[in-house]
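Right, one structure below, let's go through it.
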Amino acid sequence: RAAGYAISFNANMLSSRTNDMVSVFYDPDADSSSHGSLRKATAVSLPNSNIEYPSVRYNSDAETISYFVAADSTTSPVPGTDLYKLMRKVNHLPAEVIARNLVRVGSEPILQYYRRGLSGALTPINPAALPVYHQAARHGTTADTGSSTVIDSIAVVRVNLISVYKDPRGGYVVDTLQRSIRIANQGLLVRAQCGEPPLGPGTPLAQIQFVIPGVPWVRLQWPASTDELTGERDVEMYAVYRRTFGAPDWGEPYANVPGSGLATLTFQDSGVASTQTYEYAISALDCTPAPSVLSATVSIPVP
């Protein structure tokens, strides 16, 4: 089930059996409720929904895992903003808190979804079309249509998280996390080779935004390297370089952004200071990892 503030899926992440060859992790002391599939007789409510799952019996050792956002009762450090917390729930186990003090970026949902078409290109699913749910009990049947096929075509989940707290020494501290997570069994990269440096990404665009009133941050956006989407298709990540205006060199990369299979990538820089002017450039890195030449430079003054 895919929604703007909740996602539920099945995955065989944990097993207590030594002969389980497909589980990701092995723990002989694992709680029996933390692994194995759910049964119809003991169905659970999927978070942020009225769906009882499963509705039929299925043969699998995969547990049902949900990540979802709930209102955070903690007093907000920023007046006039609502706080959220990120939760994780596995099977019948109680939900656990993963992160607190989260705020929304404007009207953007925390979870965004992208489908892979017949040409291989990724297109976003309109948030207004969510949630979608795989209702068909079996793949490939006549019932496997509608929202079930939409679920099957999701190749990338985009996560947008911003956390904020008031530093007792003064000022707000904003931390951003943006990741484009490929679905493991959908849209795998076909790599021709590793070794030739990738082509550089396009020129970045920098914009000043205010997630928290009075606290500026820089939003970078740039076109993907040709070698991520076509060509060698071996770009793994992008290195973001930052320097103050007039600095003699770039130094080490300021941040890394994983390749996403999307035509446009973004990075939120919340560590900027007012009255400073910054310069940014981007380099693509392949699976060697060999870096491309730097993109064109963009500069932006922070008010």
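The values are calculated or read from the model by the stated rules, or taken from the named source; none is laboratory data. Just so you know, these numbers come straight off a predicted model, no measurement behind them. Using ideal geometry, Cβ is built from the backbone for each residue, glycine included, and neighbour counts are taken over all protein chains shown. Note: areas computed on protein heavy atoms with side chains; ligands, DNA, RNA excluded. Shrake-Rupley method; radii C 1.70, N 1.55, O 1.52, S 1.80 Å.
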**Message:** Quick check on the chain: helices-only [θ] at 222 nm, where DSSP H runs of length 4 and up contribute -39,500 (n - 2.57) each and the sum goes over total residues. Nearest 500, please.
**Reply:** -1000 deg cm²/dmol
**Request:** Compute the distance in nm between two label points, each set 7 Å from the Cα along the Cα-to-Cβ direction, one at THR18 and one at ALA41.
**Result:** 3.0
**Complete:** Expected field for MET87, accessible surface area in Å² at 1.4 Å probe radius, rounded to 10, holds 20
**Message:** Explain nothing, just the number: relative contact order of the chain, from Cα pairs under 8 Å at least 6 residues apart, as a whole percent.
**Reply:** 13
**Item:** FRET efficiency estimate (nearest 0.05) - Cβ-Cβ, ASP175 to TYR58, R0 41 angstrom
**Value:** 0.55
**Prompt:** With labels modelled as points extended 7 Å from the Cα through the Cβ direction, what inter-label distance (nm, one decimal) is found for ASP144 paired with ALA128?
**Reply:** 3.1
**Complete:** Of the convex hull drawn through the C-alpha atoms of the chain, the volume per residue in Å³ is 177
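Fully extended, how many nm does the chain gain between TYR165 and ASN256 (0.36 nm per residue separation, minus their Cα-Cα distance)?
30.4 nm
Summing Lys, Arg as +1 and Asp, Glu as -1, what charge do residues with Cβ under 11 Å from the Cβ of HIS35 carry, HIS35 excluded?
-4
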**Prompt:** If Lys and Arg each add +1 and Asp and Glu each add -1, what is the summed charge of the other residues whose beta carbon sits under 14 Å from the beta carbon of VAL24?
**Reply:** -3
